[in-house]
Amino acid sequence: MNHLSVYAGIFEGHLDPAVALVCEGEVIAYAEEERFVRYKHAPFMYPIRSLRYCLEQTGIKPDNIEAIGINWNLPAYSDGRIKSFFAEMEKVFPPDSNTRRWQQRVLGYFNEANTQKRHEMNWCRAFGTTAPPLHAIPHHFVHALQSYYQSQFTEALCVTIDGSGDQHCTVLWHCQGDSIRSVREICMPHSLGWFYAAFTEYLGFKAYDGEYKVMGLAAYGSPDDKLNKKISEILFPADDGIEYRVDPKYLHYGVHTWSDRFTDSLIDLLGHPARLPGEPISAWHRKLAYAVQQKFEETVCRLVHWGMNEFGERNLCVGGGCGLNVKMNSKLFSLDCVNDLFAHPLCSDGGAAAGAALGLSLIHI
């Protein structure tokens, strides 16, 4: 196998660091760091144990790896594009101090030189050699590429949804043959992932970990017109009636007494204190989860319905961390305009390590 082109994909970041190896367009190894350190999500750990495992399982030497794929648009963090995006966003949505600190942190962390140095240091300490060259691929494009190319569809609409990746939160893609092009881009602060994470913490669970609990809790709820009206003040259709918008004053921009994920304005809007972890779950909590899930599904379905009809597609791919919401996927599959659906089982950022490696393999870096 050593004479063949082998590419690594590495995701290292806030949660779920992972490594994948791809040879001749096939994923031959994949591992997540939390499995080796026994620490849930392994936040901000470089996935060196996952890398060693993948190399050992395949018999590949570090020097035989052609390049490393990274699912972040590193040049945009380095040449001022992301910084300029943040500055323009601030003119419309003035951020609080926590958001400003987060912006500065990601600008530094994903700076191309800093990222290269981080990989070089970890490879040198582990293998006594320099790291293979890094190739950055935009975050949502990796999600789309992974989902589409592993779906076995030859053409499809693809929707990628997460908290945020580079400047994007939701992107609609038209995929035909080898072409994957974006047709709708929804950027920060209009994030469905942030919306869902806020209510995950409001309901007493941990954001980016307990979203599945909200999805499950929703099944025990029932419609409530008053709650639905309040949720509609946070997440609502854009002026074009196709996209959506989020009012960030309820999520990130404002006073945070209870959580980094929602502001005190959310508590004021709902007129109900946030549930503390371990407290009993009431009928009101179940109704809130129902309203959040319903609004989430309604929003994605509206966007997808437009795209399927606009481009005459009948196949749908789903990528990005929000693709783990199986109830949403079921709702999408039930749409009259959808004949077949592929929601990638490794749709979140950890799985995008495989997507980044696949991207390198397919474009033959």
Cα gyration tensor shape for region 103-231, rounded if a/c is under 1.5, else prolate or oblate: oblate
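Indicate the gyration tensor shape class of region 41-159 (rounded, prolate or oblate), computed on the Cα atoms with a ≥ b ≥ c the square roots of the eigenvalues: a/c under 1.5 is rounded; otherwise a/b larger than b/c is prolate and the rest oblate. Spell out each step's value before the answer.
Values: a/c = 2.34, a/b = 1.34, b/c = 1.75.
Because a/c hits 1.5 or more and a/b fails to exceed b/c, region 41-159 counts as oblate.
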Cα centre as origin, Lys/Arg/Asp/Glu Cβ charges: the chain dipole, Debye: 880 debye
Cysteines, the chain, no other Cys beta-carbon under 4.7 Å: 23, 54, 124, 169, 175, 187, 301, 322, 337, 347
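On a 27 Å Cα-Cα criterion, which of the cross-link pairs 91/331; 83/230; 230/331 come out too long?
Values: 91/331 37 Å; 83/230 33 Å; 230/331 23 Å.
Check vs 27 Å cut-off fails for 91/331; 83/230.
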Relative contact order computed over region 98-228 (Cα-Cα under 8 Å; 6+ residues apart), in percent: 12 percent
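Rank these residues by their accessible area, most exposed first, probe 1.4 Å: 168, 140.
Details: 168 30, 140 5 Å².
Output order, biggest surface exposure first: 168, 140.
Suppose R0 equals 41 Å. What FRET efficiency, 1/(1 + (r/R0)^6) with r the Cβ-Cβ distance, do residue 87 and residue 39 give to the nearest 0.05?
Values: r = 36 Å, r/R0 = 0.88.
Efficiency, rounded to the nearest 0.05: 0.70.
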Within a Gaussian network of the chain (alpha carbon springs, distance under 10 Å), most fluctuating of 145, 303, 270: 270
Within region 89-191, chymotrypsin sites (Phe, Trp or Tyr not before Pro) in DSSP loop having at most 12 other beta-carbon neighbours inside 10 Å: none
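I'd like the FRET efficiency for residue 260 and residue 61, computed as 1/(1 + (r/R0)^6) with the beta carbon distance as r and R0 of 41 Å, rounded to 0.05. Kindly include the intermediate steps, with their values, before the conclusion.
Values: r = 42 Å, r/R0 = 1.03.
That pair, residue 260 with residue 61, gives E of 0.45.
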Heavy atoms of residue 301 accessible to a 1.4 Å probe, total area in Å² rounded to 10: 20 Å²
Surface accessible to a 1.4 Å probe, per residue, for the residues of the chain, Å²: 44 Å²
For the chain: rounded, prolate or oblate by the Cα gyration tensor [a/c cutoff 1.5]: prolate
Under 13 Å from residue 213, Cα to Cα: aspartates and glutamates that are on another chain or at least 8 residues apart: 201
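Please report the relative contact order for the chain, taking Cα pairs under 8 Å with a sequence separation of at least 6, and give it as a percent rounded to a whole number. List each step's numbers first, then the result.
On the way: 721 pairs, mean separation 81.8, N = 365.
About 22 percent, as a whole number.
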The chain: most fluctuating residue of 318, 171, 106 per GNM, C-alpha cutoff 10 Å: 106
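What's the ranking of 204-217, 175-188 by average number of surrounding C-beta atoms within 10 Å, highest first? Each step should come with its number before you reach the end.
Values: 204-217: 17.9, 175-188: 15.0.
In descending order of packing, they fall as 204-217, 175-188.
The values are calculated or read from the model by the stated rules, or taken from the named source; none is laboratory data. All values reported here derive from a predicted model rather than from experimental measurement. Cβ atoms come from the backbone with ideal geometry, glycine included; neighbour counts cover every protein chain shown. The accessibility values were calculated without ligands, DNA or RNA, using every heavy atom of the protein model including side chains. Shrake-Rupley method; radii C 1.70, N 1.55, O 1.52, S 1.80 Å.
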